[in-house]
Amino acid sequence: MRTPFPPGTVLGDRYRVEGLIDAGGETFVHRALDEETGRDVAVRQYQCNDLEARQRWQRECAIKLRSKHVVEHHGGGEANGSLFVVVEYFDGRNLEVIIEEQGTFLPEEDVIHLAGQVAQGLADIHGARLVHRDVKSANVLVNASHLAKVIDLGLVRPWHGQTVANDGMARGTLHFMSPEHLTNPQAVDHCSDLYGLGVVMYQMTTGMLPFDGESPVDIQHKILHEEPLKPSVITPGLSPGLEAVILQLLAKDRSARFQSACSVVLLLGGDASSSCCPACGTPLVADGPYCSACGVNVGDAASAAALLCVETPSGPRWLVVPPAGQELGRAGLDPANPVVSARHARVFKMDGSWYVEDLGSTNGTWVDGQRVRGRSPLTRHSCLQFADVRCVFWERIS
């Protein structure tokens, strides 16, 4: 274990340490002056210098990411036997502390505003083909202008499909770990980050964690095998749409969660301006209007008024509903399914409310178990069925 850099220490002939900000489990965080630019920066000093710590330090030093909602990284170095990383200094308060000081839940408009910013930060991290792996309220800073930024990318790893040596243990914070994080740490991907976002949103709306217990074993058992108490039971009056977003983020099966942080941004009323597909979450690696993975028009998705989450054997697939509405048929819902009509139904908005209209389909359209005769109103999380194709309607929260 290392000791903190003393004030006055100059790192890399550039950064002068001014004082200790925080001492976490694995790092010391210092405020420092960048003597080349005259700006304040934050220095994260690793407390260990073993092989695993060095590998994590190398990954963090290599981060090249510019995002309004993620602290910027400026590289790193080694001094006095300690590894360090230099990041943007952001004068904000810890979201965990804000929730604790509130003593109960945050106002719903604050939850939507802050969660949308965190989701945008995660979308940008995922767009850079990275996974955060330690999304929690303590890793979100909020300044006086209510600007939120994701911090502490010390556990970052490459996007799914790439393994990391000496990284088979569950790393992160137990209360915020997804089920797959506990059972197969190497399988952790962007959907595990979204689970962590769900825990943060649950905290903000209830003042509580979805799973707690008297011991780590007890907490792990609940994460793996129990369903969380619905936030509206703790906080009566919580909007059904916001609750539905939280509960889908907390789904045990990663394929049942949102497959993109951008989708969460859209649903919370944001712009989802990032380098990943707003519909499926795949990093956008080529120019052009269409996502190479799901084929959605990225521009249309970013301006969507609503989304349809279609259940498929390979997991949820997202369809974009533009402000003018969307006609749905076999080609868009399930091209190989003969029971879906070529022109099956239409989803549209009229006088401020959303509706679905059956277009004379052979095998019918249902909303929340009731067959549609003509048109039927939709709520923010209505369950739709077109013949035997099931999906959920998600109106953007604004």
_Going residue by residue through the stretch 189-196, is there one that turns out to be among the small types (G, A, S) and crowded, with 23+ Cβ neighbours inside 10 Å?_
yes
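Table: residues versus (1) assigned by TED's automatic domain parsing to the domain that holds P236; (2) of a type in the set (V, I, T).
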| position | (1), (2) |
| --- | --- |
| C48 | no, no |
| G77 | no, no |
| E109 | yes, no |
| V118 | yes, yes |
| H132 | yes, no |
_Checking the conditions here, which among M208, M204 is under 20 Å from V70 (Cβ atoms), over 13 Å from the mean Cα position of the chain (by Cα) and modelled with pLDDT of 95 or more?_
M204
*Just a yes or no: is a residue in the stretch 106-125 of a type outside the set (D, E, K, R) and part of a loop (DSSP other than H, G, I, E, B)?*
yes
_Single unsatisfied condition, S67 versus (1) closer than 21 Å to L147 by Cα; (2) modelled with pLDDT under 90; (3) of a type in the set (S, T, Y)_ = (2)
*asked:* Tell me whether the stretch 214-234 contains one or more residues that are under 25 Å from E109 (Cα atoms), surrounded by fewer than 18 Cβ atoms within 10 Å (Cβ to Cβ) and among the charged types (D, E, K, R).
replied: yes
*Listed residues L65, L95; which is under 22 Å from T27 (Cβ atoms), surrounded by fewer than 18 Cβ atoms within 10 Å (Cβ to Cβ) and of a type outside the set (G, A, S)?*
L65
*Residue satisfying condition, being assigned by TED's automatic domain parsing to the domain that holds L209 and either closer than 29 Å to L114 by Cβ or in contact (Cβ under 8 Å) with a residue 12 or more places away in the chain (or both), within set Q102, Q55*: Q102
*Could you say which residue among R371, R380, R375, R330 is more than 29 Å from L247 (Cβ to Cβ) and among the charged types (D, E, K, R)?*
R330
_Any chance A144 is under 29 Å from L242 (Cα atoms), at pLDDT 90 or above and in a helix (DSSP H, G or I)_ = no
*Of all residues in the stretch 16-57 being of a type in the set (S, T, N, Q) and modelled with pLDDT of 90 or more, which is nearest to G121 (Cα to Cα)?*
Q45
*Could you please give the count of residues in the stretch 75-102 that are assigned to a strand (DSSP E or B) and among the hydroxyl-bearing types (S, T, Y)?*
1
*With a cut-off of at least 3 residues that are under 24 Å from H113 (Cβ atoms), name the helices (runs of 4 or more DSSP H) lying wholly within the stretch 166-251.*
190-206, 231-234, 240-249
*asked:* For the list (1) modelled with pLDDT of 85 or more; (2) on the phi < 0 side of the Ramachandran plot, I need the number of the one condition that G352 fails.
replied: (2)
*Name the single residue, out of those in the stretch 126-157 being β-branched (V, I, T) and out of contact with any Gly (no Cβ under 6 Å at 6 or more places or on another chain), that is surrounded by the fewest Cβ atoms within 10 Å (Cβ to Cβ).*
V156
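The values are calculated or read from the model by the stated rules, or taken from the named source; none is laboratory data. Everything quoted here is computed from the prediction, not taken from an experiment. FYI the Cβ positions are ideal-geometry reconstructions off the backbone, even for glycines, and counts take in every protein chain you see.
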